[in-house]
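Comments concern the structure below.
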Amino acid sequence: MNGASGTRRTWRRLPHRRPRLRGWGGVAAMASACAVAVTATLLPLLPCDAAPLGAEPSRGPGLTQARQVSVDDSCSHPEASLRPSSASGDAVKRIQQQGYLTVGVDQNSYLWGYRDPETGQIVGFDIDLVKAIARDILGSDAKIVYRTIPTDQRISAVQHHTVDMVVRTMSITCDRIKQVAFSTAYFQIGQQLLVPKTGTTVTGFDDSLNGKTVCAASGSTAEALLNSQPHGSRVLRVPNQLDCLVRLQLGQADAVLTDNALAAGQAAQDPAVHLIGQPLTQETYGVAMNLADTDLVRRVNKVLDDYRSGGASSPWMQAYGKWLAHNLPGVTGPPAPLYKD
């Protein structure tokens with residue numbers, strides 16, 4: 001797909017440039033910004049391709065009681081959000097009047113937001129959450145416009161109202177809450193290294209990275225971590241985190257730094273690579289919205305409250321069981337919501 005929507009690329013196997021990479025042969029980078037027409041249902045019609053990844057074990061917190069925190073200048077709790085409300089303010093009414101919800105998503109991240117090669121539909125944990133939000137605002141026959149957005153364009157898409165929100169494995173950070181508003185946290189992750197299983201001297205996020213090339217997505221928390229602690233490495237920046245796996249397979253990178261949930265997916269896609277060490281950070285994913293759309297933030301938080309409710313039978317746990325439990329076992333529930341008002 002050419003023009004304003006981006007360039008369509010298809011998944012293909014790449015030649016084995018490195019003997020050590022003997023697993024899945026490689027992936028081509030996906031289109032960076034494919035626009036999608038309004039759908040008649042909650043399913044997308046975006047004509048781009050995707051291929052499944054996978055994941056390795058990860059741990060997450062169990063759900064505990066919601067609480068209010070004191071937000072100070074040190075930003076000790078960036079994940080603290082506005083209290084939930086079902087009220088329809090200006091932002092919610094805008095969405096209702098336009099008749100559809102426009103959401104920035106990923107189509108490259110298996111389990112979270114990826115294009116099923118059999119059905120052509122974008123599916124995953126994040127997509128199930130998008131559907132729940134759309135149903136609450138627009139009703140059971142809600143329509144969604146999916147726009148696939150590169151990592152480094154998530155914030156600008158929200159700021160310019162190109163999308164109503166971004167639901168795209170986006171970590172809540174002190175820097176980002178100055179630029180966009182976040183919902184309460186809906187998943188906990190950490191940054192971790194992905195390296196080849198053989199033929200590497202990288203042993204962890206330490207001086208073994210000296211002189212090595214480490215790949216990270218532009219605008220990601222992984223890039224920020226590498227900028228502050230490069231350990232003598234050269235940072236290779238790409239538009240999307242999945243592009244890093246391609247660079248690793250081509251021998252253009254020695255390691256990848258990204259969210260462990262996403263890195264584990266890449267490891268399952270190519271069994272010749274694996275995660276090493278422990279998570280380097282504790283981060284949470286949130287739904288990003290425009291800073292001015294406070295009523296929409298509260299409405300999404302109301303949806304998330306409902307999504308978490310019900311214990312083992314909650315919509316959150318059902319989505320976890322459907323998409324993540326097999327490859328990310330041991331997560332007992334969503335992070336508890338924190339509120340700043």
hull vol. (C-alpha, convex hull) per residue for segment 82-173, Å³ -> 114
Using only protein heavy atoms and a 1.4 Å probe, report how much of Ser140 is accessible, in Å² to the nearest 10. 110
Considering only DSSP beta bridges whose two residues both sit in segment 172-311, what percent are antiparallel, to the nearest 5? 65
For Asp306, Asp270, write out the residues from largest to smallest accessible area, computed with a 1.4 angstrom probe and no ligands counted. Asp306, Asp270
Assuming R0 = 30 Å, what is the FRET efficiency of Val235 and His161, from their Cβ-Cβ distance, to the nearest 0.05? 0.45
Rounded to the nearest Å, what's the spacing between the alpha carbon centres of segment 152-168 and segment 214-245? Just the number, please. 21
With no solvent term and unit scatterers on the alpha-carbon positions of segment 203-280, Debye gives log₁₀ I(q)/I(0) at q = 0.18, 0.22 Å⁻¹ of -0.64, -1.01
Gain in span if fully extended, Thr198 to Asp306, counting 0.36 nm per residue against the direct Cα distance: 34.3 nm
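Per residue, how large is the accessible surface of segment 202-272? Use a 1.4 angstrom probe and give square angstrom. Could you put the intermediate results ahead of the total?
On the way: 2130 Å² over 71 residues.
Value returned for segment 202-272: 30 Å² of accessible area per residue.
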At q = 0.19 Å⁻¹, what log₁₀ I(q)/I(0) does a Debye calculation on the Cα points of segment 140-229 give, no solvent, two decimals? -0.99
Taking only protein heavy atoms and a 1.4 Å probe, the highest-to-lowest accessible-area order of Glu118, Glu283, Glu79 is Glu118, Glu79, Glu283
Rounded, prolate or oblate: which one fits segment 256-330, using the alpha carbon gyration tensor with axes a ≥ b ≥ c (rounded when a/c is under 1.5, else prolate when a/b beats b/c, else oblate)? oblate
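The values are calculated or read from the model by the stated rules, or taken from the named source; none is laboratory data. In this text the structure is predicted, and so the values were computed from the model without any measurement. Note that each Cβ is placed from the backbone with ideal geometry, even for glycine, and that neighbours are counted across all protein chains shown. Protein only, heavy atoms only, side chains kept; ligands, DNA and RNA dropped before computing areas. Shrake-Rupley method; radii C 1.70, N 1.55, O 1.52, S 1.80 Å.
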